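Q: Take a look at this one; I'll ask things after.
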Amino acid sequence: MIFASNIFAAQPGHADEFTGLMGSMLGVMLEHDVQAGIKVSVSGTDTTEVLINSVFPNMSAYADATARMRSSEKWVQTYMSIGNSAATIPVDSFIAEVMPGFDDAPSLSEGVIMANMWKAHPGRLADLKAGMAIAKEMHMGHGASAVRAYQIYGGRYNGCYGYNVSFADMAAMGAWWDSGREDNDKFFDEAGKNPSAEIQAQIIMDNPAVIGK
């Protein structure tokens, strides 16, 4: 499973134009049969970031969809309008490959996502992956709706491994957080004795209030 993300922020005073451009880009992707959606950062970023995310069953499907969109006049016009707009600040873009055991279905998360970016210490990647598998079982047991771990290619977290925990909504995340606090603390106390990786970022994302999902 391949996950791709293009990330933008709005210039102050241009919210209406920015919102329209993000909605247009999402609309064109959906018209080209790309499974896509929008999330907005609510914690962990310097400014509010808008993430246009898409998922594909494999790299061939990602490459085919990318080629198809790039040959579309409507896609080119929409992409150029974003590049030429004073309302939009490009922030980041990357693709990621979801690891085996975390790819139950090639679909987007519907609600809140807590993303954790980890950089493995030299020679400790296998330990990091093993720890993520243990963490998935624990986090699902306390009420997460999905857990995904993935290798990132390109962008500000290039070479890192992401670990996402998803929830139906903020209320579900709060209930999960409180329910799993004791087990989570024990897990990190043990892992901290000989850490296999260093955290690079922790970001909470939710569905946007004003841009189409």
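Rundown of residues vs (1) farther than 30 Å from T19 by Cβ; (2) among the acidic types (D, E); (3) assigned by TED's automatic domain parsing to the domain that holds G192, yes/no style:
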site: M80; (1), (2), (3): no, no, no
site: D103; (1), (2), (3): yes, yes, yes
site: G131; (1), (2), (3): yes, no, yes
site: Y150; (1), (2), (3): no, no, yes
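Q: Within the bounds of the stretch 81-98, is there any residue that is assigned to a helix (DSSP H, G or I) and without any contact (Cβ under 8 Å) to a residue 12 or more places away in the chain?
A: yes
Q: Looking only at the stretch 141-171, which residues are part of a loop (DSSP other than H, G, I, E, B) and under 16 Å from N6 (Cβ atoms)?
A: Hits for the stretch 141-171 are G154, G155, R156, Y157, N158.
Q: Looking at the stretch 177-197, which of its residues are under 27 Å from P122 (Cα atoms), without any contact (Cβ under 8 Å) to a residue 60 or more places away in the chain and not hydrophobic (A, V, I, L, M, F, W, C)?
A: N184, D185, K186, D189, E190, G192, K193, N194
Q: Restricting the first residue to the stretch 131-154 and requiring it to be in contact (Cβ under 8 Å) with a residue 60 or more places away in the chain and closer than 19 Å to S107 by Cβ, which pairs with a second residue that is part of a strand (DSSP E or B) and of a type in the set (S, T, N, Q) meet a Cβ separation below 7 Å and a spacing of at least six or different chains?
A: Sorted first by the residue in the stretch 131-154, then by its partner, the pairs are R148/N164.
Q: Where residues in the stretch 113-140 are among the charged types (D, E, K, R) and part of a helix (DSSP H, G or I), which of them is surrounded by the fewest Cβ atoms within 10 Å (Cβ to Cβ)?
A: That would be E137.
Q: Further, regarding this structure: Just checking, how many residues over the stretch 22-63 are part of a loop (DSSP other than H, G, I, E, B), hydroxyl-bearing (S, T, Y) and surrounded by 15 or more Cβ atoms within 10 Å (Cβ to Cβ)?
A: Within the stretch 22-63, residues that are part of a loop (DSSP other than H, G, I, E, B), hydroxyl-bearing (S, T, Y) and surrounded by 15 or more Cβ atoms within 10 Å (Cβ to Cβ) number 1.
Q: If you go through the stretch 59-82 one residue at a time, how many are under 17 Å from S5 (Cβ atoms), at pLDDT 95 or above and not hydrophobic (A, V, I, L, M, F, W, C)?
A: 1
The values are calculated or read from the model by the stated rules, or taken from the named source; none is laboratory data. It should be emphasised that the depicted structure is a prediction, and the values quoted were computed from it without experimental measurement. Note that we place each Cβ from the backbone using ideal geometry, even for glycine, and neighbour counts take in every protein chain shown.
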